[in-house]
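I have placed the structure first, in the form of structure tokens, so that the comments after it can refer back to it.
What follows draws every value from the coordinates through simple rules; no lab data is involved. Just so it is clear, the model here is predicted, and its values are computed rather than measured. Because the Cβ atoms are built from the backbone with ideal geometry, glycine has one as well, and the counts that use them run over all protein chains shown.
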Amino acid sequence: MTATDDAAAASPALGAPLDASRDAALDPALVDRVEALLARGGRRVLGLVGPPGAGKTTLGRQVRAAFGDRAVVVPMDGFHLAQSELERLGRADRKGAPDTFDAAGFVALLRRLRDPQPGEVVYAPEYRRDLRNGVAGAIAVPSDVPLVVTEGNYLLLDDHGFAPVAGLLDESWYLAPADDVRLARLVARHEQYGKSPQAAHAWSHGPDERNAALVATTRPRATLVVRPA
């Protein structure tokens, strides 16, 4: 994977190709970047954004492993509307689209996380794929943790209620793997959680790809582009 700073065309690529595999350590170039962010002091919020299957969760796990108790990962997916509500609204067949999330709730949480109060623990929801629903209060964020990593498809989207998110991030990294790699991951993930091979292919190349096309339009707003090898 290589990383380039889209916000400044003169910036060189950061290091050699970076390894985004599940068990890999965070690349030293990205470690240095996070250290520089934390050196600014106070609470910092790093956003990991990209299309479905880009590897956001894996990269978030790598950041958490590299920084230990100094970092907490708070995914946007905890703000999926409940499956029952999606069915009531007639949106279950396109779950993952922008209007299938509680964007206002996500923004409200980020605002609390940006302004930690001494001694206060903020609790965030976590999405459980096995339940097809979010679980409230699953992620604890103590006030003395300097880095919150949030990851999701729509962190840089300027509509559907997500417009304030970009301004609440100190940096945003856009993950841009090869489409064939990303789609293979998606199909495998859908199969892992119960879809037949045919249904997994149809969902990955249907609703997921429509969402991926929308997410791709937000790439120019990112601070950094990370390209998995």
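Under the rule of -39500 (n - 2.57) per DSSP H run of 4 or more residues, summed and divided by the residues of the chain, what mean residue ellipticity at 222 nm is obtained, to the nearest 500 deg cm²/dmol?
When only DSSP H runs of four or more count, the value is -10000 deg cm²/dmol.
Per residue of the range 166-178, in order, report the coupling 6.51 cos²θ - 1.76 cosθ + 1.60 (Karplus, θ = phi - 60°) as ³J(HN,Hα) in whole Hz, putting x for Gly and Pro.
Per-residue couplings from phi come out as 4, x, 9, 9, 7, 9, 10, 10, 9, 8, 10, x, 4 Hz.
For Asn133, what residues show an amide H to amide H distance below 5 Å, using hydrogens built from the backbone and excluding near sequence neighbours?
Arg128
To two decimal places, what compactness ratio does the chain give when its Cα radius of gyration is scaled by 2.2 N^0.38 Å?
That works out to 0.98 for the chain.
Efficiency by 1/(1 + (r/R0)^6): what FRET value for Arg40 and Asp144, r their Cβ-Cβ distance, R0 = 25 Å, to the nearest 0.05?
0.95
Taking the range 65-123, which GluC sites (Glu not before Pro) meet the DSSP loop condition and have no more than 15 other C-beta atoms within 10 Å?
Listed in order of number, the matching sites are Glu120.
Taking the Cα centre of the chain as origin, work out the dipole magnitude from +1 charges on Lys and Arg Cβ and -1 charges on Asp and Glu Cβ, in debye rounded to 20.
220 debye
Could you pull out every residue, at least 5 positions away or on a different chain, whose amide H is within less than 5 Å of the one on Ser172? Hs are placed 1.01 Å off N in the peptide plane, and Pro or chain starts have none.
Sorted by chain and number, the residues that satisfy this are Gly47, Thr223, Leu224.
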